[in-house]
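A.B. asks: Sharing a structure, written as structure tokens. Questions coming.
The values are calculated or read from the model by the stated rules, or taken from the named source; none is laboratory data. These figures come from a predicted structure and were not determined experimentally. Glycine also receives a Cβ, built like all others from the backbone with ideal geometry; neighbour counts cover every protein chain displayed. Keep in mind that these areas ignore ligands, DNA and RNA; they rest on the heavy atoms of the full protein, side chains included. Shrake-Rupley method; radii C 1.70, N 1.55, O 1.52, S 1.80 Å.
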Amino acid sequence: MEARLLSIESAESFAAAVETAAAILRAGEIVAVPTETVYGLAANALDERAVRRIYEAKERPAENPVIVHVASLEMARSTANEWPEAATLLARKFWPGPLTLVLPKAARIPSIVAAGGATVGIRWPAHPFMQALIRACGFPLAAPSANLANQISPTSAAHVWAAMKDRVPLIVDAGPCNVGIESTVLDLTSSPARILRPGMIAREAIREILGEKLSEGTGGDLALKSPGLMKRHYAPRARLAVREWRDDAEAASAAHELGVPLHKVHVLAHERIPRGGLFGKVAVIPQDPEAYARALYDELHRCDAEGAELILVEKLPEGGAWAGLRDRLKRAAASASEP
Ligand code: TXA
Ligand code: MG
């Protein structure tokens, strides 16, 4: 059966969608919901069978834990077994918002949420619908991104629809996501704390709170700690390559070197925009990191929908504000044959 699609443009339709979604979640089913980062696939985080439905719908490997979404500090604390001072400081600064804190798991969180591990990822999302829904339910919501495993996260209801329409009873449409890439995941169970997945809350901002208690780099063993770090995780169907070019000729020769005819190449450029007609398509993505993040996944979804063979992405600037975006492009570019 095809999913119901509800939009929330008026106060009445917002309230009605909260009620409809909450009823489905109370019954142990799953719902696709908007958050400020990407759309999520939500279930009652305290109900093991409901969470299992998420894994089934996404075809997600059992070893990849899901984030628990809360709507208050009290609810956050009730999902964790320990609540260090650092969590309080980070929550005060960044919640509600795109930061996930990994902490020791409370016993009431079923093991499937943590993929059998001892920790839980907790996030208080900023999106008003998500907050209203969690409050209406009265329980935290487990929610990974609402895409099939290893595909690009959805940043619009249309993306969710394309991937999940036969797999969920309800999709709530709140328009495009405001952040556009997944939350920063910060592990507070290690000392020093480590960023497991960079995002739009940058290392520098976290460092202002944690100082020396934040580790410098992300090590190679982290893929095991957080499967979202598996190399090819946020991947379009098309090949993706990141290159630098000074002019159209250099951009074209980058495509030639990869063996793809120019009309099958879609370019994402932010600074040196190739002239029209040279490639299959040229999309101009905004120059500042926040706007770039909002646009990126929609462009990748579009390239796939239009049958691009190669997505040629102009190299991003240096600097911490771009780190989450560089990370996603690097993963999307990792070839399928790599682990
Ligand atoms: O912005 C987001 O985080 C979105 C929205 C829906 O909130 N969610 C999201 O979920 O991106 P997902 O499941 O696609 O990615 C969650 C990431 C994965 O890399 C997972 O391995 C990691 O967080 N993660 C979750 N719980 C963890 C834990 N206990 N320890 C380490 N990593 C964890
Ligand atoms: Mg995901």
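A.B. asks: Can you tell me how many residues within the range 320-339 are outside any helix (DSSP H, G or I) and either in contact with a helix residue (DSSP H, G or I) (Cβ under 6 Å, 6 or more places away or on another chain) or modelled with pLDDT of 95 or more (or both)?
C.D. replies: The number of residues fulfilling the criteria is 0.
A.B. asks: Sticking with this one: Does A162 satisfy the condition of being crowded, with 21+ Cβ neighbours inside 10 Å and either small (G, A, S) or within 23 Å of A22 (Cβ to Cβ) (or both)?
C.D. replies: So A162 does not fit the description; no.
A.B. asks: If you go through the range 169-187 one residue at a time, do you hit one that is more than 10 Å from ligand 1 (Cβ to nearest atom), within 20 Å of K58 (Cβ to Cβ) and open to solvent by 40 Å² or more (accessible area, probe 1.4 Å)?
C.D. replies: yes
A.B. asks: Further question: Can you name the helices (runs of 4 or more DSSP H) wholly within the range 1-84 that have at least 1 residues being of a type in the set (D, E, K, R) and in contact with a Leu (Cβ under 8 Å, 6 or more places away or on another chain)?
C.D. replies: 48-58
A.B. asks: More than 16 Å from I171 (Cα to Cα), touching a residue at least 12 places away in the same chain (Cβ under 8 Å), part of a helix (DSSP H, G or I) and more than 15 Å from ligand 1 (Cβ to nearest atom): does that describe A87?
C.D. replies: The answer is no for A87.
A.B. asks: Now a separate question. Restricting the first residue to the range 146-157 and requiring it to be more than 9 Å from ligand 2 (Cβ to nearest atom), which pairs with a second residue that is of a type in the set (D, E, K, R) and part of a loop (DSSP other than H, G, I, E, B) meet a Cβ separation below 8 Å and a spacing of at least six or different chains?
C.D. replies: Going by the 8 Å Cβ cut-off, the qualifying pairs are L148/E59.
A.B. asks: Further question: Return yes or no: is E212 modelled with pLDDT under 95 and either among the charged types (D, E, K, R) or more than 13 Å from the chain's Cα centre (by Cα) (or both)?
C.D. replies: Yes.
A.B. asks: May I pose another question? Say whether the condition of being modelled with pLDDT of 95 or more, under 14 Å from A143 (Cβ atoms) and open to solvent by 10 Å² or more (accessible area, probe 1.4 Å) is met by at least one residue in the range 6-16.
C.D. replies: Within the range 6-16 (the criterion being modelled with pLDDT of 95 or more, under 14 Å from A143 (Cβ atoms) and open to solvent by 10 Å² or more (accessible area, probe 1.4 Å)), the answer is no, since none of the residues qualifies.
A.B. asks: Name the single residue, out of those in the range 44-84 being without any contact (Cβ under 8 Å) to a residue 24 or more places away in the chain and of a type outside the set (D, E), that is nearest to G180 (Cα to Cα).
C.D. replies: The selected residue is R77.
A.B. asks: Taking only the range 230-246 into account, find how many residues are open to solvent by 20 Å² or more (accessible area, probe 1.4 Å) and modelled with pLDDT under 80.
C.D. replies: Number satisfying all stated conditions: 4.
A.B. asks: Step by step: first the residues of the range 90-131, then only those that are in a helix (DSSP H, G or I) and open to solvent by 20 Å² or more (accessible area, probe 1.4 Å), then the one that is nearest to P176 (Cα to Cα). Which residue is that?
C.D. replies: P128
A.B. asks: Of a type outside the set (K, R), within 17 Å of A235 (Cβ to Cβ) and surrounded by fewer than 18 Cβ atoms within 10 Å (Cβ to Cβ): does that describe A332?
C.D. replies: No; evaluated as a whole, the condition is false for this residue.
A.B. asks: Would you pick out the residues in the range 28-60 that are within 10 Å of ligand 1 (Cβ to nearest atom) and not small (G, A, S)?
C.D. replies: V33, P34, T35, E36, T37, V38, Y39, L41, I54, K58, R60
A.B. asks: Also: Determine whether A249 is open to solvent by 50 Å² or more (accessible area, probe 1.4 Å), more than 22 Å from A163 (Cβ to Cβ) and part of a helix (DSSP H, G or I).
C.D. replies: For A249, the condition - open to solvent by 50 Å² or more (accessible area, probe 1.4 Å), more than 22 Å from A163 (Cβ to Cβ) and part of a helix (DSSP H, G or I) - is met.
A.B. asks: Follow-up. I'd like the residue in the range 188-205 that is more than 13 Å from ligand 1 (Cβ to nearest atom) and either within 22 Å of N64 (Cβ to Cβ) or assigned to a loop (DSSP other than H, G, I, E, B) (or both) and, out of all such residues, is least open to solvent (accessible area, probe 1.4 Å).
C.D. replies: Checked the range 188-205; the qualifying residue least open to solvent (accessible area, probe 1.4 Å) is A202.
A.B. asks: Give the range 65-78 a look and list any residue that's open to solvent by less than 10 Å² (accessible area, probe 1.4 Å) and either out of contact with any strand residue (DSSP E or B) (no Cβ under 7 Å at 6 or more places or on another chain) or within 19 Å of M164 (Cα to Cα) (or both), or say none.
C.D. replies: If the condition is that a residue be open to solvent by less than 10 Å² (accessible area, probe 1.4 Å) and either out of contact with any strand residue (DSSP E or B) (no Cβ under 7 Å at 6 or more places or on another chain) or within 19 Å of M164 (Cα to Cα) (or both), then V66 is the only one that fits.
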